[in-house]
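What follows is a single structure, written as C-alpha cells, with notes after it.
Taken together, the values in this text are just the output of simple stated rules run on the coordinates, not laboratory data. Remember, predicted model here, so these are calculated numbers, not experimental data. FYI the Cβ positions are ideal-geometry reconstructions off the backbone, even for glycines, and counts take in every protein chain you see.
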Amino acid sequence: MEKYKTRNEVPDKYKWDLTPLYKDIDAWNKDYEALKEEINVLGKYQNHLLDNANTLYEFISTYYAIDRKLEKVYYYAHLNYDAETTNSQYQELSGKVDLLFRDIGVITAFVEPELLKSDYSKIEEFYKENPSLKEYHRYFEEIYRYKEHILSLKEETLLSKLSDSLGAPSEIYEKLTDSDLTFGNIIDEEGKEVELTDSNYSIYIRSKDRNVRRAAFKEMYKAYKGILNTLASTYYNNAKVEAVSAELRNYPSALEASLYADKVSKDIYNNLIDTVSKNLDSLFEYYNLKKDVLGLDEMHLYDVYADMDTSKTKEYAFEEARDIVLEAIKPLGDKYVNDAKKAFTEGWIDVCATKGKRGGAYSSGGYDTYPYMLLNFEGNLNDVSTIIHELGHSMHSYYSKNNNTYQEYNYSIFVAEVASITNELLLYKYLLDNSEDKATKLHILNGLMDLFKGTLYRQTMFAEFERDTHELVEKDEILTPDLLCENYYKLNQKYFGKDVVVDEEIKYEWERIPHFYYNFYVYKYATSLCAATYIATNIYNGNKDIRDKYLKFLSLGGSMDPIDELKVAGVDMTDPKVIESAIGMFSDTIKEYKKVM
C-alpha cells in the first residue's frame, strides 16, 4: 500500500464520503444552530410528563426526533475530527457537539425521576389511551426495570456530588500508571541501552532474544513491585466502592449489579469460568508447542509472548485485501456479500494512515449515516483481518438500522463483538483453505492461536480474579497486597500448568490491568469469542439453519435483550457446549499448526 503523509495526498477513493451526512460545514452549522433552540422545548414538559398519554407521547416523540438530529450532527463532527485531529475547524465542531450533549442532559434530567414517581402500570394505562406510545415500550421498560435500584432524590443527589470522589481510585490508578510510573533501562537486541516504557514493553517481551525478554519482564514487574502498596489500596477501595454501591442500590453483589444492564445472569459468568477451568489441557498443549518451536529447555512466563512466527508474509494492496474479504464472507450468502460490497463502493471506508489521523480502527455511524469504518491500512495480513473485523461491525449496524425504528436500532455491547469475530474466523478459514504457502499458513494459524490464548483464556483468568477478589470484599475481607499477589499467582499457576515456570514476578501483573477498574467488563471479550466460534463453526460445516438464524440476529438491533438475541442466532450462553466449541477450535488449530509445521 502506498504511503501518504497528509490527507490531501490521499486519493478520494481511499477516503470515506461524509456528504450524505452534510454537504459542507455550513449545512452542519444550520442544523447545529437549530438544535440549540429545539432542545429547550423539552424543558416545558417538566412536571407534566404524566398529565396524560398524549402529553407523554408528544414528549417522547419530540425527544427522539431531537436525539436523532443530534446523532447526525455528532457523527459528522466526530468522523471529520478523527480523520484530521489537528484541524482546528473540526476540533471546534467536536467541542460544540459536546456542549449540546451537556445541555440536553441538563434539560432532560427531570425525566426519569418524574416517571418513577409512578409505577409502570401507569404507562400501561397510557398505552391503551394512545397506542402509539407502545413504539417506545423498551425505553419505558428499561427505566422502570431500574426502579427498585433508584434511590431517593436526596440520596441520588448526594451520590452524584460524591461521584468524583467515588471514582478517585480509578483516577489515581490512571495518573500513577500513565504519568508517574517509570521503568528501568534494558539492553536491546542490538546491544544498546534503551529505556523501558509501558508502550515498548509489548515489543521487547516478544523479542527473539531471550535475554531481552527476560530483562523487560523483570524490569517491568520490579517497577510495579515498587508501587504495590499504593495499587493494592486503589484496587481494594475501588472494589469497596462497587460493593457498597451495589448494596445501596439493592443488588445482591457488585457482579450482579454490573451484569444487570445486559440482563446477563451470574450463571453465564460462572459458566464461562467453570467450563474453561475444566478444559485447560489445550492451553497447556499450546505452551508445550511453543516451547518446542522456540527450542527451549523450559518455558518461562517471559517466553509466552515470543513470536513463534518469524517468517515474512506477503504485502497486500487494498484492492487485493478487499477481494479476499469478499470471498471470505461468501458462506454468509449472496445478499450479505452484495450488501457488504457497498462498503467499498459507497464511501464507507477511510483507508490510509496519514499525519494527524486517529490511530487504530473502528466502525462508527448512526441511524441516518453509513456505518463508517476507520482504518490505518498498511498492507499486512493483520490489516486484512482488521478490514473484515470492522466490516462485521458495520454490517451488524447496517442491518440493525434497516430493520428497526430509531429507538430500537442500537445493539448492546454484550453482542457487539460477535459479528466482527465471526467475520475474522471466516477469513482465517478461507485463507487456510486457499493458501499453498507454508509461511502464510503458519502465520494465520499462529494468529488464530494467539486470539484464543489472549481472548478466551487470559480474559477468563482476569474474570476469575475479579470475581473472587470482589467476593472477598463482600465478605468483609481486607484485600492486602500479599493476598492480592497470592491469589493472582495461584491463578497463573492454574492457567499455565506444571510445564511452564511461573516466575515469581508475575504476581504483580494484576497491577498492570486497567480493565480491573471497568467493573466486570473483561468476560465480554471471552463470551463474544465463544459465541462467534460456535456460529462460525456451524457455518463452516454448511449448517444453513444456523447461518440463517445468525443473519436474523444481525437484524435485531436493540429490539430484544442481548441474551435472547443470541438465542435467535442459535447460541445459548448458559450451555457449556458454546464455550467448548471455542476450546475445540483452539485445539484443532494447534493440531493443524503441528501438521503444517
### Query
Which order, highest average first, do 409-417, 536-544 follow once you tally other Cβ atoms within 10 Å for each residue and take the mean per peptide?
409-417, 536-544
### Query
So which GluC sites (Glu not before Pro) in segment 228-303 are both in a DSSP loop and have at most 11 other Cβ atoms within 10 Å of their Cβ?
298
## Note on the structure
Here the net charge surrounding residue 258, from other residues whose Cβ is less than 11 Å away from its Cβ (Lys, Arg +1; Asp, Glu -1), is -1
### Task
Using DSSP to define loop residues, name the GluC sites (Glu not before Pro) in segment 476-583 whose beta-carbon has at most 13 other beta-carbon atoms within 10 Å.
477
### Neighbourhood net charge (13 Å Cβ-Cβ; Lys/Arg +1, Asp/Glu -1) for residue 412
-4
### Task
Quickly work out the residue 2-to-residue 218 label distance, labels modelled 7 Å from Cα along the C-beta direction, and quote it in nm with one decimal.
5.0 nm
## Note on the structure
Rounded to the nearest 0.05, FRET efficiency between residue 334 and residue 114 (Cβ-Cβ, R0 60 Å) equals 0.75
### Task
Report the charge-dipole magnitude of segment 374-433 in Debye, nearest 20, computed about the Cα centre from +1 at each Lys and Arg Cβ and -1 at each Asp and Glu Cβ.
180 debye
### Residue pairs, from the table 342/549; 278/453; 291/498; 341/401, whose Cα atoms sit over 19 Å apart
342/549
### Task
Tabulate in residue order the Karplus-calculated ³J(HN,Hα) for segment 356-370, using 6.51 cos²θ - 1.76 cosθ + 1.60 with θ = phi - 60°, rounded to whole Hz; enter x for Gly and Pro.
x, 7, 4, x, x, 8, 7, 10, 8, x, x, 5, 10, 10, 5
### Query
Taking 0.36 nm per intervening residue step and subtracting the Cα-Cα distance, what contour gain separates residue 512 from residue 180 on full extension?
118.2 nm
### Query
According to the square roots a ≥ b ≥ c of the eigenvalues of the Cα gyration tensor, what is the shape class of segment 21-150, taking rounded for a/c under 1.5, prolate for a/b larger than b/c otherwise, and oblate for the remainder?
prolate
### Radius 12 Å from Cβ of residue 148, net charge of other residues (Lys, Arg +1; Asp, Glu -1)
+2
### Task
Return the sequence-ordered ³J(HN,Hα) values of segment 400-407 in whole Hz as given by the Karplus equation 6.51 cos²θ - 1.76 cosθ + 1.60 applied to θ = phi - 60°, using x for Gly and Pro.
5, 6, 7, 10, 9, 5, 4, 6
#### Entry: Sparsely packed GluC sites (Glu not before Pro) within segment 137-202, loop by DSSP, other Cβ within 10 Å at most 16
189, 190
### Estimated inter-spin distance, residue 30 and residue 141, nm [label 7 Å along Cα→Cβ]
4.0 nm
### Message
Given a Förster distance of 30 Å, report the FRET efficiency between residue 46 and residue 162 from their Cβ-Cβ distance, rounded to the nearest 0.05.
### Response
0.75
### Query
Out of the DSSP beta bridges found with both residues in the chain, what percent are antiparallel (nearest 5)?
55 percent
### Helical contribution to [θ] at 222 nm, DSSP H n ≥ 4, -39,500 (n - 2.57), averaged over the chain, rounded to 500
-19500 deg cm²/dmol
## Note on the structure
Phi angles of segment 524-532, converted by Karplus (6.51 cos²θ - 1.76 cosθ + 1.60, θ = phi - 60°) into ³J(HN,Hα) in whole Hz with x for Gly and Pro, give 5, 4, 5, 5, 5, 4, 5, 4, 5
### Task
In nm, give the distance between the simple-model label positions of residue 187 and residue 153, each being 7 Å from the Cα along the Cα-to-Cβ direction.
7.1 nm
### Message
As I understand it, the dipole of the chain uses +1 on the Cβ of Lys and Arg and -1 on the Cβ of Asp and Glu, about the Cα centre. Which of 123, 90, 586 lies farthest toward its positive end?
### Response
586
### Message
List the pairs from 290/438; 192/507; 44/128 whose alpha-carbon separation is above 27 Å, in the order I gave them.
### Response
192/507
### residue 249-residue 210 FRET efficiency (beta carbon distance; Förster radius 45 Å; 0.05 resolution)
0.35
